[in-house]
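One structure below.
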Amino acid sequence: MQGTLDGRAIIVTGAGGGIGRAASLIFAQAGARVVVSDIDVGSGEETVKQISAQGGTAMFVKTDIANEASVVALVEQTVSAYGKLDGAFNNAGIAPSHKSFHDISAAEWQRVVDVDLTGAFLCMKHEIAAMLQTGGGSIVNTASALGVVAVPSAADYIAAKHGVIGLTKAAAVDYGCRNIRVNAVLPGLIMTPLVKEALRDPEYASHFEKYKAQHLVGRVGLPEEIAKAAEWLLSDAASFVTGHSMGVDGGWTTV
């Protein structure tokens, strides 16, 4: 049976765990040749090991998405290894500072924006340039439900994720007629290592049950549920979808 992503070369950033690892495994199962990208070498190589164990094809490239030279190297190594770049899941990101607006330092603000917003821009910029050379492709960005709503103590993250949605729309407008589709997934509360780490912060933990209750399905999500949405957006099944921000949030932003 043919996979939805057969033979396609696809970059996954933040692929060392959580949503990125789940996506890498699912994309490989769908037939993709996956470029596992992460700043953490050990976790990224573990993802490649798991893909290989299931019979898939993958390679690891250490990448700091906030550093343009590092992003350029990621795309160049992908094209060198696989001949082209067909798709990308720009998923890497970091958590907010978990401080009230007026307590966020300029350095803390800049760190979140550098990774969560500028990192997405740099990845898209160089992925699109590569795709233009070979006739097109598809990009999916991980934004967040917090790209359309707000919660306490996350102004840096909220601003960055609102920005990712804007970047997604802007790129879709610029490149829709050149066979490059650009969409975003907006996860709700997903039980990832990032969330588990955030739960160690008393203030975040105090809000956790309230956030959970806002999901109409009555639970938090799984990384695989976001990954499957990204797989669909990358595939030909979504060939008429671009500039779209898909909420995968258990109904959180519906009310």
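The values are calculated or read from the model by the stated rules, or taken from the named source; none is laboratory data. Remember, predicted model here, so these are calculated numbers, not experimental data. Methodologically, a virtual Cβ is constructed for each residue, glycine included, from the backbone with ideal geometry; neighbour enumeration extends over all protein chains shown. Accessible surface areas use protein heavy atoms only, side chains included; no ligands, DNA or RNA. Shrake-Rupley method; radii C 1.70, N 1.55, O 1.52, S 1.80 Å.
Put simply, of A95, A66 the only residue that is touching a residue at least 60 places away in the same chain (Cβ under 8 Å) and of a type in the set (A, V, I, L, M) is A95. Only residues that are open to solvent by 80 Å² or more (accessible area, probe 1.4 Å) and either touching a residue at least 24 places away in the same chain (Cβ under 8 Å) or not in a helix (DSSP H, G or I) (or both): list them for segment 195-213, please. Result: E197, R200. Does L216 qualify as being modelled with pLDDT of 95 or more, open to solvent by 50 Å² or more (accessible area, probe 1.4 Å) and among the aliphatic types (A, V, I, L, M)? So L216 passes the test.
For segment 156-179, the set of residues classified as of a type in the set (A, V, I, L, M, F, W, C) and under 26 Å from G16 (Cα atoms) consists of I158, A159, A160, V164, I165, L167, listed by residue number. In segment 124-157, of all residues being in contact (Cβ under 8 Å) with a residue 60 or more places away in the chain, under 21 Å from L216 (Cβ atoms) and touching a Leu at 6+ places or on another chain (Cβ under 8 Å), the one that is most open to solvent (accessible area, probe 1.4 Å) corresponds to V148.
For segment 182-203, the condition holds for no residue, the condition being that it is among the polar types (S, T, N, Q) and farther than 20 Å from A230 by Cα. Name the residues in segment 164-183 that are open to solvent by 20 Å² or more (accessible area, probe 1.4 Å), under 27 Å from P96 (Cα atoms) and either among the small types (G, A, S) or touching a residue at least 60 places away in the same chain (Cβ under 8 Å) (or both), would you? Of everything in segment 164-183, those that are open to solvent by 20 Å² or more (accessible area, probe 1.4 Å), under 27 Å from P96 (Cα atoms) and either among the small types (G, A, S) or touching a residue at least 60 places away in the same chain (Cβ under 8 Å) (or both) turn out to be G166, K169, A170.
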